[in-house]
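**Q** I have a structure here, written as C-alpha cells, and I will follow up with some questions on it.
The values are calculated or read from the model by the stated rules, or taken from the named source; none is laboratory data. Since the structure is predicted, the reported quantities are computational estimates derived from the model, not experimental observations. Backbone-built Cβ (ideal geometry, glycine too); neighbour counts: all protein chains shown. The accessibility values were calculated without ligands, DNA or RNA, using every heavy atom of the protein model including side chains. Shrake-Rupley method; radii C 1.70, N 1.55, O 1.52, S 1.80 Å.
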Amino acid sequence: MEFYSRRDPTDPANRLGFYLSASRAFLGHLHVAQQALDLDAINVIIGYAILQAGIDHLDAPGGQGGRYASLATPPPDELRRPIRISALARSLNLSRETVRRRVDTLVDRGIASRVERGLRVTTAFLSTDTYQSIVFSQMEPILGFLLQVGYPGNPEMGDARAWLDHRAVEDRARQFSRLMLRLQLRHYETLSRLGGDLHAGLLISLVLSNAGVASSAQDETPAPTATPRLRLAEALTLNRETTRRCLARLTEAGQLVRTPAGYLPGPALLSGDRLEAALSDTGKNIRQMVRLLATHGFIHESDPAAGVVRRASV
C-alpha cells in the first residue's frame, strides 16, 4: 500500500502531527467510554483488551467477521476466545495484581466473565444499549481523524470523504469498531512504552496533546498550553493521589515540567528515544489501519493524484 508521498505518516516532518491527531482521537473516544461505563481509563482499556483478544480472529483472512458485522449480530460466546490475566498484564505493561483487582470490577459489573481458560467479555454486555452507544461514539473522533489523516496544512491533498465509505461504516458498525479497537490498543501499548507504564503514558499523551506542540520545526504555533494536575486526573477518572505521584516521577525524570499553570512536555521527553519510538510506531499503526480499512471495504479506491490512498494490497 502507498500513501501519496507528502501524506506519509512515517515521514519525519509529519510524524508528530500524526501522533497528536491519533492520540486526540483515541483519548477522546476513551473518555466517552469512561463516562458511559462509569469506569476509569485503565479499567476501560483492560475491558477493551479482553474484548479484542476474544474477537480479533474474526476479521483475519478466512474469518467470520462479515457474519458478525452489524450491531444486531454480536459474536456468540463460543466464538470469542478467552485471555488470561498474565497475558493482559504483559500486553498493557501493568502488574498482574493490578489487572487482577481491576478485572474484579469488570466482572462485578457484568462486562466480563471468568471462564475455564481466562476472561472474556459477556455476550449480554455486547448486546446492551450502552455498548452500542460506545460503538457509535467511537465513530465521531475516529472518522474525524481519518478525514484529516495525512494532510494538516496540505489542503491540495484532496477530500478524504471521497474515499471513506460512510454507509459501510454504518451498516457494519460492529466490524468497523473491532478494526479500530485493534489500532486503539496498539496505540495504548505505544503509550505504555512511552511512559514506562500505562498510567504514565496516558498522562504524557494528554500533556502533549493539550500543549499544542508544533508538528515540524517550520510550524508557527502559540506558546504551549500547560495542563493542570486536576484536569489530568479528571480526564482519565483516575485517583488524584496516584496521579500526583505519577506526575512527580515524570517531573523528576524530566519527562514533564511543572509550571504554575500545570504540566508541559519536558526536555527529556521531547529529545528522548521513547518519543521517537512512539512517533515511529504511530506512523506504522496508521498505515496498518488504512490497509485494514481497505481490505474490509471501508475505503473506496480513489485517484492517487488527488492525494488519496491507492488500492491496498495485504
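**Q** I'd like the FRET efficiency for residue 240 and residue 95, computed as 1/(1 + (r/R0)^6) with the beta carbon distance as r and R0 of 22 Å, rounded to 0.05. Walk me through the intermediate numbers first.
**A** Numbers: r = 21 Å, r/R0 = 0.94.
Plugging the Cβ-Cβ distance into 1/(1 + (r/R0)^6) gives 0.60.
**Q** On to the next question. Given a 1.4 Å probe and every protein chain left where it sits, what share in percent of the accessible area of the stretch 216-288 is carbon and sulfur? Before the final figure, lay out each step's value.
**A** On the way: 2170 of 4240 Å².
That share works out to 51 percent.
**Q** Assuming 0.36 nm per residue, please report the length gained on full extension of the stretch residue 273 to residue 86 beyond their Cα-Cα distance. It would help to have the intermediate numbers written out before the result.
**A** Details: separation 187, 0.36 × 187 = 67.32 nm, distance 2.78 nm.
64.5 nm is the gain from fully extending residue 273 to residue 86.
**Q** On to the next question. For the stretch 26-109, give the percent of accessible area contributed by carbon and sulfur heavy atoms, probe 1.4 Å, rounded to a whole number.
**A** Numbers: 1770 of 3670 Å².
The computed percentage sits at 48.
**Q** For the stretch 8-122, what is the accessible area per residue in Å² when the probe is 1.4 Å?
**A** Values: 4930 Å² over 115 residues.
Value for the stretch 8-122: 43 Å² per residue.
**Q** Return the FRET efficiency for the residue pair residue 167, residue 133: r is the Cβ-Cβ distance, R0 is 25 Å, and the value is rounded to the nearest 0.05.
**A** Details: r = 20 Å, r/R0 = 0.81.
After rounding, the FRET efficiency stands at 0.75.
**Q** Over the heavy atoms of residue 166, what accessible area does a 1.4 Å probe trace out, to the nearest 10 Å²?
**A** 80 Å²
**Q** Could you pull the accessible area for residue 251 with a 1.4 Å probe, rounded to 10 Å²?
**A** Roll a 1.4 Å probe over it and residue 251 shows about 50 Å².
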